[in-house]
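*Asks:* My structure is below; once you've seen it, I'll send some questions.
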Amino acid sequence: MEEAKDPRNGGDSSPTQVSKKPRISGYITEQEIHEEFSHHNPNVARINNGSFGSCPGSVLAAQKNWQLQFLQQPDDFYFNTLRKGILHSRTVIKNLINADDVDEISLVDNATTAAAIVLQQIGRAFAEGKFAKNDTVLMLHCAYEAVKKSIQAYVTRAGGSVIEVQLPFPVNSNEEIIAEFKRGLGKGKANGKKIRLAIIDHITALPCVVVPVKELVKICREEGVEQVFVDAAHAIGSVDINVKEIGADFYVSNLHKWFFCPPSVAFLYCKKASSELDVHHLVVSHEYGNGLPIESAWVGTRDYSSQLVVPAALEFVNRFEDGIQGIMKRNHEEVVKMGRMLAESWRTNLGSPPEMCAGMIMVGLPSRLRVSSADDALRLRSHLRECHGVEVPIHFQGLRDGEEGVKDKDGVITAYARISHQIYNKFEDYCRFRDAVNHLAESRQICRTIYPV
């Protein structure tokens, strides 16, 4: 762990340890949970934790303290406090995800930044002729749009090709995902091409499904895929993470989505063997060349407080019975319960079995809502926010050639809502959504109201 001894990486002093085990008495009460999130707009049913997360008041207070420390004496903060604090946060994460070494953990703004860091070195290899033209990057068709844009910016313009694995949705089993992934690998290796990088979501964003990531990484290794990057933006605080068991070269997860940090902060895990690759932060500072963790810890004058409050977020989590495990279990059980309640009311379906969900689940919307495009889905989402006080993403599911689709009593279901459950949510939030959709489905003016020509 040589890098941790570097003064730019926090020096020799060992950071104060924060146990990842929950305390055994004095658990947080429902009233205290309400107080922690009292800054939320009380007039909105916020069932979209998956997009931006939620930060409790106690962690916001810790963030403000870090910000004040910097403002009170910036030089002292920079030379004597910042690096030690970031090393402390990285150590907490290292223990949470079962990494071998803190030097494998870098803190960055978000999963989008991490994806660009990984793809930048792939693009550089194409540009420098280390990879053959038309060698491939493989990704899931439902990869986050910013990741697709990074592939366009760094890979395709440098001569690389892209294979998108078309995952089924609604989905019924891990086996369906594995079969499609293997087909995609076959296409990527056709005509002697090499797959230089596979990008695998741990939890897809929209539609949301927990992917059998460990199995897919293993298949990549068996098929000779050179590097594997797991985009796990929604993972930490939502599912168990053991990076050694998963076996990917790179793994990123946002800490501001399901781990109660303020926006924005994510960790990027680079497996020790992978850290020897030409991986650098996108912002070049005077720390360039000193390793990604050090490069990421100083990208110029900015607010680093979101990276420094990771221990405070863990302290908040440990106020709950069974800590993060208890929170994940509660969120999963409640979101499945709410999803089933909505599907029963609307007489529709869930987008996947409960075991393929974490703290989010897809619920079919009545076909009478007549969602016929992604633009319609966005208009419906805006209408629910502005007219009904409900914040929830809507996914348009168009039919591919030969597909019959899932039907309700009135026609083909073409839209799904992605509902989240986090500890601040109440049953009434989902009832508001249920009633709003039922009202719209019964309205004869829905097309004119929401989808104007």
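The values are calculated or read from the model by the stated rules, or taken from the named source; none is laboratory data. This one's a predicted model, so the numbers in the text were calculated from it and none came from an experiment. Heads up, the Cβs are rebuilt from the backbone with ideal geometry, glycines too, and the neighbour counts pull from every protein chain shown. Heavy atoms of the whole protein, side chains included, go into the accessibility calculation; ligands, DNA and RNA do not. Shrake-Rupley method; radii C 1.70, N 1.55, O 1.52, S 1.80 Å.
*Asks:* Filter segment 102-130 down to the residues that are hydroxyl-bearing (Ser, Thr, Tyr) and in a helix (DSSP H, G or I), then identify the one that is nearest to Ile294 (Cα to Cα). Walk me through how you get there before you give the answer.
*Replies:* First pass over segment 102-130, keeping only residues hydroxyl-bearing (Ser, Thr, Tyr): 106, 112-113.
Subset that is in a helix (DSSP H, G or I): 112-113.
On the way: Thr112: 19, Thr113: 16 Å.
Filtering segment 102-130 for residues that are hydroxyl-bearing (Ser, Thr, Tyr) and in a helix (DSSP H, G or I), the one nearest to Ile294 (Cα to Cα) comes out as Thr113.
*Asks:* If you don't mind, there's one more thing I want to ask. Across segment 86-96, which residue is nearest to the chain's Cα centre (by Cα) among those that are in contact (Cβ under 8 Å) with a residue 24 or more places away in the chain and open to solvent by 30 Å² or more (accessible area, probe 1.4 Å)?
*Replies:* Kept after step one, since they are in contact (Cβ under 8 Å) with a residue 24 or more places away in the chain, are these residues of segment 86-96: 86-93, 95-96.
Now narrow it down to the ones that are open to solvent by 30 Å² or more (accessible area, probe 1.4 Å): 88, 95-96.
Details: His88: 22, Asn95: 19, Leu96: 16 Å.
Step by step, filter segment 86-96, then rank; the result is Leu96.
*Asks:* Moving to a separate point now. Name the one entry in Pro263, Pro293 that is touching a strand residue (DSSP E or B) at 6+ places or on another chain (Cβ under 9 Å) and surrounded by fewer than 19 Cβ atoms within 10 Å (Cβ to Cβ).
*Replies:* On the way: Pro293 fails: surrounded by fewer than 19 Cβ atoms within 10 Å (Cβ to Cβ).
Only one candidate qualifies: Pro263.
*Asks:* Another one. Could you list all residues from segment 342-378 that are over 17 Å from Asn48 (Cα atoms), part of a helix (DSSP H, G or I) and open to solvent by less than 40 Å² (accessible area, probe 1.4 Å)?
*Replies:* Ala343, Trp346, Pro354, Met356, Ser367, Leu369, Asp376 - these are the residues of segment 342-378 that are over 17 Å from Asn48 (Cα atoms), part of a helix (DSSP H, G or I) and open to solvent by less than 40 Å² (accessible area, probe 1.4 Å).
*Asks:* Quick check on Gln31: is it farther than 22 Å from Ser253 by Cα, modelled with pLDDT of 95 or more and assigned to a helix (DSSP H, G or I)?
*Replies:* Working: farther than 22 Å from Ser253 by Cα: yes; modelled with pLDDT of 95 or more: yes; assigned to a helix (DSSP H, G or I): yes.
Yes: the conditions hold for Gln31.
*Asks:* Still on this model: For the list (1) assigned to a helix (DSSP H, G or I); (2) open to solvent by less than 10 Å² (accessible area, probe 1.4 Å); (3) touching a helix residue (DSSP H, G or I) at 6+ places or on another chain (Cβ under 8 Å); (4) of a type outside the set (S, T, N, Q), I need the number of the one condition that Phe77 fails.
*Replies:* (2) is the only condition that Phe77 fails.
*Asks:* Still on this structure: For segment 409-431, how many residues meet the condition of being buried (at least 18 other Cβ atoms within 10 Å of the Cβ), closer than 22 Å to Glu344 by Cβ and touching a helix residue (DSSP H, G or I) at 6+ places or on another chain (Cβ under 8 Å)? Can you show your working first?
*Replies:* From segment 409-431, those buried (at least 18 other Cβ atoms within 10 Å of the Cβ) are 413-423, 425, 429-430; that's our starting set.
Subset that is closer than 22 Å to Glu344 by Cβ: 413-421, 425, 429-430.
Imposing the further condition that a residue be touching a helix residue (DSSP H, G or I) at 6+ places or on another chain (Cβ under 8 Å) reduces the set to 413-415, 417-421, 425, 430.
Final tally of qualifying residues: 10.
*Asks:* If Asn65 satisfies every condition in (1) of a type outside the set (D, E, K, R); (2) more than 23 Å from the chain's Cα centre (by Cα); (3) open to solvent by less than 50 Å² (accessible area, probe 1.4 Å) but one, which is the exception?
*Replies:* The one condition Asn65 does not meet is (3).
*Asks:* Does segment 96-106 include one or more residues that are modelled with pLDDT of 95 or more and within 30 Å of Arg385 (Cα to Cα)? Working first, answer last.
*Replies:* Step one: filter segment 96-106 for residues modelled with pLDDT of 95 or more, giving 96-106.
If we keep only those that are within 30 Å of Arg385 (Cα to Cα) too, we end up with none.
So far as segment 96-106 goes, no, none of its residues is modelled with pLDDT of 95 or more and within 30 Å of Arg385 (Cα to Cα).
*Asks:* Which residues, counting only those in segment 266-282, are among the hydrophobic types (A, V, I, L, M, F, W, C) and open to solvent by 70 Å² or more (accessible area, probe 1.4 Å)? Don't jump to the end; show me each part of the working.
*Replies:* Looking only at segment 266-282, we keep the residues that are among the hydrophobic types (A, V, I, L, M, F, W, C), and these are 266-268, 270, 273, 277, 279, 282.
Answer for segment 266-282, where residues must be among the hydrophobic types (A, V, I, L, M, F, W, C) and open to solvent by 70 Å² or more (accessible area, probe 1.4 Å): just Ala273.
*Asks:* Also: Going through segment 110-141 one residue at a time, which ones are within 26 Å of His395 (Cβ to Cβ), open to solvent by 20 Å² or more (accessible area, probe 1.4 Å) and either touching a Ser or Thr at 6+ places or on another chain (Cβ under 8 Å) or acidic (Asp, Glu) (or both)?
*Replies:* Matches in segment 110-141: Asn110, Thr112.
*Asks:* Related question: If we scan segment 361-375, do we find a residue that is in contact with a Lys or Arg (Cβ under 6 Å, 6 or more places away or on another chain) and at pLDDT 95 or above?
*Replies:* Within segment 361-375 (the criterion being in contact with a Lys or Arg (Cβ under 6 Å, 6 or more places away or on another chain) and at pLDDT 95 or above), the answer is yes, since at least one residue qualifies.
*Asks:* Something else about it: Evaluate the following for Ala99: is it part of a helix (DSSP H, G or I), of a type in the set (A, V, I, L, M) and either within 27 Å of Tyr269 (Cβ to Cβ) or open to solvent by 60 Å² or more (accessible area, probe 1.4 Å) (or both)?
*Replies:* Details: part of a helix (DSSP H, G or I): no; of a type in the set (A, V, I, L, M): yes; either within 27 Å of Tyr269 (Cβ to Cβ) or open to solvent by 60 Å² or more (accessible area, probe 1.4 Å) (or both): yes.
Judged against the criteria, Ala99 is not a match.
*Asks:* Okay, next question. Within 10 Å of Asn134 (Cα to Cα), modelled with pLDDT of 95 or more and out of contact with any Gly (no Cβ under 6 Å at 6 or more places or on another chain): is that true of Val162 in this structure? Step through it out loud before you land on a result.
*Replies:* Values: within 10 Å of Asn134 (Cα to Cα): yes; modelled with pLDDT of 95 or more: yes; out of contact with any Gly (no Cβ under 6 Å at 6 or more places or on another chain): yes.
Here the answer is yes, as Val162 does meet what is asked.
*Asks:* Sort through Gly26, Gly53 and tell me the only one that's out of contact with any Gly (no Cβ under 7 Å at 6 or more places or on another chain), on the phi > 0 side of the Ramachandran plot and surrounded by 12 or more Cβ atoms within 10 Å (Cβ to Cβ). Reasoning before the result, please.
*Replies:* Working: Gly26 fails: surrounded by 12 or more Cβ atoms within 10 Å (Cβ to Cβ).
From the options Gly26, Gly53, the qualifying one is Gly53.
*Asks:* I've got another one for you. Filter segment 379-397 for residues that are part of a loop (DSSP other than H, G, I, E, B) and open to solvent by 30 Å² or more (accessible area, probe 1.4 Å) and give the result. So that I can check it myself, show each step before the final result.
*Replies:* Residues of segment 379-397 that are part of a loop (DSSP other than H, G, I, E, B), as a first pass: 389, 392-393, 397.
The one that is part of a loop (DSSP other than H, G, I, E, B) and open to solvent by 30 Å² or more (accessible area, probe 1.4 Å): Gln397.
*Asks:* Would you pick out the residues in segment 142-158 that are open to solvent by less than 20 Å² (accessible area, probe 1.4 Å) and over 22 Å from the mean Cα position of the chain (by Cα)?
*Replies:* Within segment 142-158, Val155, Ala158 qualify.
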